[in-house]
1. Name the residue, out of Ala167, Ala108, that is at pLDDT 90 or above, in contact with a Phe, Trp or Tyr (Cβ under 7 Å, 6 or more places away or on another chain) and of a type in the set (A, V, I, L, M).
2. Condition test on Leu147, is it assigned to a helix (DSSP H, G or I) and not hydroxyl-bearing (Ser, Thr, Tyr)?
3. Tell me which residues, restricted to segment 129-165, are aliphatic (A, V, I, L, M), open to solvent by less than 40 Å² (accessible area, probe 1.4 Å) and in contact (Cβ under 8 Å) with a residue 24 or more places away in the chain.
4. Quickly run through segment 75-127 and pick out the residues that are among the acidic types (Asp, Glu) and closer than 13 Å to Thr175 by Cα.
5. Only residues that are free of Cβ contacts under 8 Å to residues at least 40 places away in the same chain and either part of a helix (DSSP H, G or I) or among the charged types (D, E, K, R) (or both): list them for segment 181-193, please.
Amino acid sequence: GPVLKPQRCVPDHRTTMRRQHLLGHLSLLSLALAANGEAAAALSSSSSPPPPPADRGRRAFAGLLAGTLSSVLFQPFDVVNTRMQVAPAAARAGMLRTASAVWREGGAAALWAGTVPSAVRLAGGIMLYFVFLGEAERAARAAFGELRGATKGALDFALGGGSRTAAAFIFCPITVLKTRAELGGGGGGGLLAQLASLARREGAAGLW
């Protein structure tokens, strides 16, 4: 029979043009990525100072709102957690059984007991934390300038821990009221009246 010779597949003019266009686009893309990488590297290595911190008022308001909402939404979990922590080991039940016992004891009011001091403690604590942290960062920047590397990390850790500790110490009396209310022993009257009564009965040892 006749011998068939293999035929070369020769691309037409349109295919060639498409390939050239595609190679051109890929080249432009690679150049753009390289330029972007160089710009990012130059920006990261720049010694220009970072942008100023957010306005303290907005940060404080955000902390206040977040603390209030989380307290109202998750207070039943705090109540159950506190009850489980103080229960004797022999009588300790699971989370659902403890929540059911609290509900039988006083309904929704028992599950949301201590919501007011909890909201004040969380919202006020977060607000004070951001305020203290902002002031501490500003003072550290004025004293030491812009730090880099491990020194900056250590300073950030110290400032954050110190700010959180100061806020927790200030609101410790509110935490005492919150815990006692969750255990069913909250006193009557408003928050300030309860603080005054606790201070008269137990003094600073009872508040802190």
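1. Just one listed residue meets the conditions, Ala167.
2. Answer is no for this residue.
3. Leu133, Ala136, Leu159
4. Within segment 75-127, just Asp78 meets the criteria.
5. To start, the set of residues in segment 181-193 that are free of Cβ contacts under 8 Å to residues at least 40 places away in the same chain comprises 185, 187-190, 192-193.
Once the filter is applied, which keeps residues that are free of Cβ contacts under 8 Å to residues at least 40 places away in the same chain and either part of a helix (DSSP H, G or I) or among the charged types (D, E, K, R) (or both), segment 181-193 yields Leu192, Ala193.
The values are calculated or read from the model by the stated rules, or taken from the named source; none is laboratory data. Only a predicted model underlies this, so the values are computations on that prediction, with no experimental measurement involved. Every residue, glycine among them, receives a Cβ derived from its backbone with ideal geometry; neighbour counts consider all protein chains shown. What goes into the accessible areas is simple: the full protein's heavy atoms, side chains included, and nothing from ligands, DNA or RNA. Shrake-Rupley method; radii C 1.70, N 1.55, O 1.52, S 1.80 Å.
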